[in-house]
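A.B. asks: Pasting a structure here, questions to come.
The values are calculated or read from the model by the stated rules, or taken from the named source; none is laboratory data. These figures come from a predicted structure and were not determined experimentally. All Cβ positions, even for glycine, are placed from backbone atoms using ideal geometry, and neighbour counts span all protein chains on display. Accessible surface is based on the protein model in full, side chains and every heavy atom, while ligands, DNA and RNA are left aside. Shrake-Rupley method; radii C 1.70, N 1.55, O 1.52, S 1.80 Å.
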Amino acid sequence: MPQPLPIILASHGPFAQGALECAQMLMGEQDNVHVISVLIDSNIDNLRQEMQSSYKKLNQGNGVIILVDIMGGTPCNLATELLISHDDVLLFCGFNIPVLLEVLNNREGTLNDAKFAIEETFPESCKDVRQILNVQQEQSNEL
Amino acid sequence: MPINVARIDDRLIHGQVITTWVKNYDIEQVLVINDKVAEDKVQQSVLTMSAPPGLKVLVFGVQQFIEILKKTPIKKRTMLLFTNSIDVNALVEGGLSLEKVNVGGMRMQDGRHQLSRAVSVTPEEEQAFKNLIAKNIPVEVQMVPKDPIVDLKSLLN
């Protein structure tokens, strides 16, 4: 029985922590998720250390999923250092709640399964709701 | 020789730098001046990758950059990024002229004492700041352009 894929969530400020709490409210308690919050006064070497040690601690041999807030930010840069030195890291930047929920629902497969789930979910996740509403109304008028 | 921004920030290129400084000053290239990074291929790859498309990123050691400056004029709109005041002072003593120095962050670590939330210094780093100020180069603590500027001199004893 493979272990569920571990996840590291990292962001500027409390976004990653908040995202996890949001997901847990919807899906219940989640195991093997580590949150890294980069604060204004966080020391970069301590953060690098936290990123490296949480990867080592969480990895059960099937790899680690890392989701970060924005491309080029400190959370992303530190995770990229891991990505360069390890083949079993899946790193996505710009994650949102639907992506996180999808990842949490796809932890039983491989890193590649998680990658496809993310790539499928993301483009569908930020939508103009009025437009969806209008399309539905048009459809419901048809008999 | 237009150095548009000279900044000390131990996170180097990261969210704040990309989303504010580079945009506000229409920076075309970021030159990272740091001996450790100049020898670290992993960090260099990350720095180059973390830059948005169109922004050039180059990494130099301190002495290496002093030599380059003697021969090569800077033509692009440029941001210099340092991790500490000692390197800035070395460069100024090596002939670089700076209008002012922006300090974004030198975070607390062993041997440093805190001047403000994001700025801490060792005695040597403090002295380097004093040297810069003595050369009439204003040193301004400011995380992002929207924050108020704090004159670093007012934080020193």
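A.B. asks: Within the stretch B:53-85, how many residues turn out to be touching a strand residue (DSSP E or B) at 6+ places or on another chain (Cβ under 8 Å), hydrophobic (A, V, I, L, M, F, W, C) and crowded, with 17+ Cβ neighbours inside 10 Å? Talk me through it step by step, then tell me what you get.
C.D. replies: Initially, the stretch B:53-85 is screened for residues touching a strand residue (DSSP E or B) at 6+ places or on another chain (Cβ under 8 Å), giving B:55-62, B:65, B:68, B:74, B:76-85.
Among the residues that remain, those that are also hydrophobic (A, V, I, L, M, F, W, C) are: B:55, B:57-60, B:62, B:65, B:68, B:74, B:79-82.
With the extra rule that they be crowded, with 17+ Cβ neighbours inside 10 Å, the set shrinks to B:55, B:57, B:59-60, B:62, B:65, B:79-82.
Final tally of qualifying residues: 10.
A.B. asks: Also, I was wondering about something else. So B:Val88 ticks every box in (1) within 30 Å of B:Ser154 (Cβ to Cβ); (2) surrounded by fewer than 21 Cβ atoms within 10 Å (Cβ to Cβ) but one. Which box is left unticked?
C.D. replies: Going through the list (1) within 30 Å of B:Ser154 (Cβ to Cβ); (2) surrounded by fewer than 21 Cβ atoms within 10 Å (Cβ to Cβ), B:Val88 breaks only (2).
A.B. asks: Can I ask one more? Of all residues in the stretch B:128-139, count the ones that are buried (at least 17 other Cβ atoms within 10 Å of the Cβ) and under 24 Å from B:Val22 (Cβ atoms).
C.D. replies: 3
A.B. asks: Within the bounds of the stretch B:4-23, is there any residue that is open to solvent by 20 Å² or more (accessible area, probe 1.4 Å) and more than 29 Å from A:Asn46 (Cα to Cα)?
C.D. replies: The answer is yes; a qualifying residue exists.
A.B. asks: Could you look through the stretch B:9-21, keep only residues that are of a type in the set (Val, Ile, Thr) and farther than 16 Å from B:Val59 by Cβ, and pick out the one that is nearest to the other protein chains (Cβ to nearest Cβ)? Don't jump to the end; show me each part of the working.
C.D. replies: So the first thing to find is which residues in the stretch B:9-21 are of a type in the set (Val, Ile, Thr), and the list is B:13, B:17-20.
Of the ones still in play, those that are also farther than 16 Å from B:Val59 by Cβ are B:18-20.
Numbers: B:Ile18: 5, B:Thr19: 8, B:Thr20: 12 Å.
Looking at the filtered set, the residue picked out is B:Ile18.
A.B. asks: Looking at (1) modelled with pLDDT of 95 or more; (2) assigned to a loop (DSSP other than H, G, I, E, B), find the lone condition where A:Gln3 falls short.
C.D. replies: (1)
A.B. asks: For A:Cys22, only one of the following conditions fails: (1) more than 10 Å from chain B (Cβ to nearest Cβ); (2) open to solvent by 30 Å² or more (accessible area, probe 1.4 Å); (3) within 26 Å of B:Pro52 (Cβ to Cβ); (4) not acidic (Asp, Glu). What is its number?
C.D. replies: (3)
A.B. asks: Could you please find all residues in the stretch A:24-35 being out of contact with any Ser or Thr (no Cβ under 7 Å at 6 or more places or on another chain) and under 17 Å from A:Ser11 (Cα atoms)? So that I can check it myself, show each step before the final result.
C.D. replies: From the stretch A:24-35, those out of contact with any Ser or Thr (no Cβ under 7 Å at 6 or more places or on another chain) are A:24-33, A:35; that's our starting set.
Matches in the stretch A:24-35: A:Val33, A:Val35.
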